[in-house]
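The values are calculated or read from the model by the stated rules, or taken from the named source; none is laboratory data. Computed from a prediction, not measured in an experiment: that's the story for all the values here. We place every Cβ from the backbone using ideal geometry, glycine too, and count neighbours over all the protein chains shown. To get the accessible areas, we keep the full protein, side chains included, count just its heavy atoms, and leave off ligands, DNA and RNA. Shrake-Rupley method; radii C 1.70, N 1.55, O 1.52, S 1.80 Å.
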Amino acid sequence: MAAPSHDPYAAAGVDTAAGDLAVELMKSAVRRTHGPEVLGGVGGFAGLFDASALLGYRRPLLASSTDGVGTKVAIAQAIDKHDTIGQDLVGMVVDDIVVVGAKPLFMTDYIACGKVYPERIAAIVKGIADGCAATGTALVGGETAEHPGLLGPADYDVAGAATGVVEADRMLGAERVRPGDAVIAISSSGLHSNGYSLVRHIVAGAGIQYGDFAVDFGATWGEVLLEPTRLYTTPILALIDALGDGVHSLSHVTGGGIAANLARVLPRDAWVEVDRSTWSPPPVFQVLADLGGLDLMATEGTWNLGIGFLAVVASDRTDAVASVMREHGIDAWQVGVVGSGTAPAGDFEQGAKGVDGGAVRLVGTYATRGAK
């Protein structure tokens, strides 16, 4: 007797054929991230990366990171635009690795969805692959999981993990920081991927739809809020190559804002006052704050306010930092100096996220737009 043609798994809401099609659509984008060190191609149970290159290191340390892009995906879903979320994911994951001075090696991704729409999944993965290519990272594997009943048909979430390598005696961190070091801000491209729960709360409270035209920006609200996360790995590695031991520690300004993330990469007895007057936050932050009836200072623990990375460098290398960043089309400027001993009176952010680090606070008033 012939087997019945009915597929009980499809009846339960899982379309394996759609999943297979999604893999076919993404293959070429993923392959573009593969160098000769990647073995096995696309679709294996495990990604394979030839680690023989590590034999050239005296004492290689592997750096790893994992993250997602949070509720920013809700905006992508709302306006059905999915080609930039992948870059956001690479920024959140790979740019954490470069903080310790590590060169990224490979990355994997995970996409959970209520229903597999092959073209949508392929667009997400193409964004990841493009970000990996821009940062010199091989995308060696991933998984798309269909979860009907747990997620709605249009819902999805993305996450990723990456691994890099750094020579032990070149690893960056708080132990390299010295009193008098300069703290250099490196500009963001906008909101990046943090604080979107507050963003969405403000937008909803103002009665704005993501398809509405935002007069201040000349685009729809959805397009403005999906501005991709700037990728820092390539320019930061160039900075490390150019300055060598002049780079002491780095901070990726993500959740927690400027003060909390800088405090994580300072020694326990160090403190920094970040001078707000050295820059003017980009318009998207001010417009959102105004819509929410908030002072920008009230958002400092949530948004990056125009600073995506911070570099703590030797005091005589500040011009070199600005020069290297300028070559990559990124603004950089000094926002503070590392102090030691007793900090000035007042409230400081002391350490963060379990790190027994230094103390940081923002002081002064933000510059007016156009001044820096």
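Residues in the stretch 353-362 that are surrounded by 11 or more Cβ atoms within 10 Å (Cβ to Cβ) and in a loop (DSSP other than H, G, I, E, B): LYS353 only. Restricting attention to the stretch 206-231 and to residues that are of a type in the set (Phe, Trp, Tyr) and open to solvent by 30 Å² or more (accessible area, probe 1.4 Å), the residue that is nearest to THR84 (Cα to Cα) turns out to be TYR210. The set of residues in the stretch 146-167 being within 23 Å of the chain's Cα centre (by Cα) and hydrophobic (A, V, I, L, M, F, W, C) consists of VAL158, ALA159, ALA161, ALA162, VAL165, VAL166.
Give the residue, chosen from SER280, SER315, that is open to solvent by 30 Å² or more (accessible area, probe 1.4 Å), modelled with pLDDT of 95 or more and under 29 Å from ILE240 (Cβ atoms).
Details: SER280 fails: open to solvent by 30 Å² or more (accessible area, probe 1.4 Å).
After ruling out the rest, the residue left standing is SER315.
Here TRP333 fits the description: under 24 Å from GLY173 (Cβ atoms) and of a type in the set (Phe, Trp, Tyr). If you go through the stretch 288-312 and keep only what is of a type in the set (Val, Ile, Thr) and either open to solvent by 40 Å² or more (accessible area, probe 1.4 Å) or not in a helix (DSSP H, G or I) (or both), you end up with THR302, ILE307, VAL312.
When restricted to residues that are open to solvent by less than 20 Å² (accessible area, probe 1.4 Å) and among the hydrophobic types (A, V, I, L, M, F, W, C), the stretch 232-247 contains 5.
Scanning the stretch 50-71 for residues that are surrounded by 14 or more Cβ atoms within 10 Å (Cβ to Cβ) and in contact with an Asp or Glu (Cβ under 6 Å, 6 or more places away or on another chain) yields SER65, VAL69.
Within the stretch 333-352, one or more residues are in a strand (DSSP E or B), surrounded by fewer than 21 Cβ atoms within 10 Å (Cβ to Cβ), at pLDDT 95 or above and among the hydrophobic types (A, V, I, L, M, F, W, C).
Of all residues in the stretch 129-151, those satisfying the criterion of being under 18 Å from ARG230 (Cβ atoms) and either free of Cβ contacts under 8 Å to residues at least 60 places away in the same chain or open to solvent by 20 Å² or more (accessible area, probe 1.4 Å) (or both) are ASP130, ALA133, ALA134, GLY136. In the stretch 83-123, the qualifying residues are those that are open to solvent by 20 Å² or more (accessible area, probe 1.4 Å) and assigned to a helix (DSSP H, G or I), and the one that is farthest from ASN194 (Cα to Cα) is GLU119.
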